[in-house]
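Every number here is computed from the coordinates shown, using simple stated rules; none is lab data. Remember, predicted model here, so these are calculated numbers, not experimental data. All Cβ positions, glycine included, derive from the backbone under ideal geometry; neighbour counts span all protein chains shown.
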Amino acid sequence: MKTSGSWTVHAGLAGRSGAGALALRLALLIAAVPAAGAAQDARLAARLDPATRTAVEATIDTARSRGLPVEPLAAKALEGASKRAEGARIVAAVRALAGELATARDALGPSATPAEIVSGASALRAGVSAATLRRLRATRPAGPVTTHLAMLVDLIGRGVPAESASVATLVLAGSTIGDADLMAVRRLVERDIALGTPPAAATSVRVSAAIQDALRATTNVPGVSRAPKRP
Amino acid sequence: MPEPGEGGGERDALADVIRTLREPPPIGAEFDARVMNAVRRDRPPGVWARAWEWLGEPRTVAFSPAAGLAMAAGLLLVVAATLRLIDQPTGGGAVAGSAETQDVVNGAARPVAMPAPASAQRIRFVLYARDAGRVALVGDFNGWDASATPLRRAATAGVWTVEVPLVPGRYTYAFLVDGTRWVADPAAPRAVGDDFGTPSSAIQVPATSPGGSSL
C-alpha cells in the first residue's frame, strides 16, 4: 500500500500456517548462503566458449559420478584457456586426464585418496606403468604413497628414465624411509644431476645410500646389535 | 461462671483445632515436578528463540521511493560482489616460485585477499628475467589466472619474486612474461605432459615442511 509518498509494506510470517512459515524462513536462510558449489561452473563459463565448456563439463560430470577428483580436470581446462589453446585441444587434454585419473584409481585401489589418484595420474602421464602403481600400493597397502608418486614424477621430470625411477621408488617404498627423507633424496639427486651426473646414475647412488642409512639407523637402536658378518 | 468440666472440654477442643491448623498440609510426590514445570514455563525465552520470534513477527515498514531505490541498488551491489567472489579461482590465494629458492615463512603477510587455511605454507617463487616488463605467476593454485599473482621486482636487477600461501598438494604452474611468453621455472621439475605446447613446472607442497620443501 502507499501512504503519503511512502510505500508501506506489511511484512511478517506469523500469520501464515506453521509449515508455510517454516518453509519461508528456511528459504530465506538458505538464500543468504552463497552457492559455493557454483564456483567451478562460473570459472569455466567465464573462460571457455560454450561448446568447449559443455564438453568439458560433461567429462567432469562423468568423472564425478565415478568418484574421481574433478578439480584437476577444471584446472586443466583453465590452463588451456589461459594458454589460448583451441577448444578441441582443451577438450582432448581434459578427457585424457580423466582417463589417467580412472586408470590411476583402478591401479591404486578403491581406498586411494584424491591426492594419490592425482599423483598417480601424473605418474602415468610421465610414462610409469599401471603395474608399477599396483606394486607400489602392494608395497604400502596401508600407508599413503602420495610423496612416493610425487618423487617418482619429479625424477622423471629431471631426466631419470621412467624404469629407473620406478625401481628406485619401489625400493624406497619398501624401506622405513619417511617422507622427509624421501624429499632429501630427491633434492640430492637433482643436485647431482645439476652437477653433471647422469640422471640414472645419480638416482641409483643416492637411493642406495639412503637405504644403507636407513638400515644403519635401524640396527643402531640401543640394545639391538648388528648381526656379525660372516668371514 | 462456666462449669469446670465444661470449660476443660472447650479448651481441649480448641487445642485440637490449633494442633490441626499447625500441621503442614499434605504434599504429594508430584508437587515439586509441577512447581519446576511452572517455573520453566515462565522463564524468558533465550536469544535464539527471541531472534526466531523476531523473524516471524509481523511489522509495518515505511520507506520513501528514494530509499527503496537506494536499497535496491545496494542489494544489486551485494549480489554483484558475491558473484565476483564466487568467480575467484581459489579460496586461499595462491603462489608460485622457484622450487629451489622457495621458503616457508609461516605467519607473514600475504598478498592475497582471502584468508589462507592454517595448513598453508608460504612459498617463494623467483624468476630471473632481466628484460621483462612484468611477470605473473600462473598455475593450478590461482585458476590459471594471469592477473591473479603478479611478481614484484626484487632489489637485485632482473630478479622477480612473489610469495604465496599454498596448502599441501601438488601444483602445476608457469611464469608468464610480458603477458605473452610462458616460461617454466628453471629451478623446479618440469611438469609432465605439455598439453598445450608450452612448458610448465611442478611443485609438491608436503603436509609437513619443517624447513621448506621443494618435492
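Miscellaneous remarks
- Distance between the pseudo-spin-label points of A:Ser111 and B:Arg11 (7 Å out from Cα toward the beta carbon): 9.6 nm.
- Across peptide A:187-194, the mean count of Cβ atoms from other chains lying within 10 Å of each residue's own Cβ comes to 2.
- Alpha-carbon centroid distance for the pair segment A:156-186 / segment A:98-141, whole angstrom: 15
- Over segment A:42-115, the Kirkwood radius and the radius of gyration, each from Cα atoms, give a ratio Rg/Rh of 1.00.
- Neighbour-count ranking [beta-carbon atoms within 10 angstrom, fewest first] of B:Ile203, B:Ile18, A:Ile156, A:Ile193: B:Ile18, A:Ile193, A:Ile156, B:Ile203
- Counting Cβ atoms of other protein chains within 10 Å of each residue's Cβ and taking the mean over peptide B:185-193 gives 6.
- Cα centroid separation, segment B:163-209 to segment A:67-97: 16 Å.
- Segment A:82-184: C-alpha gyration tensor shape, a/c 1.5 cut-off, then a/b vs b/c: prolate
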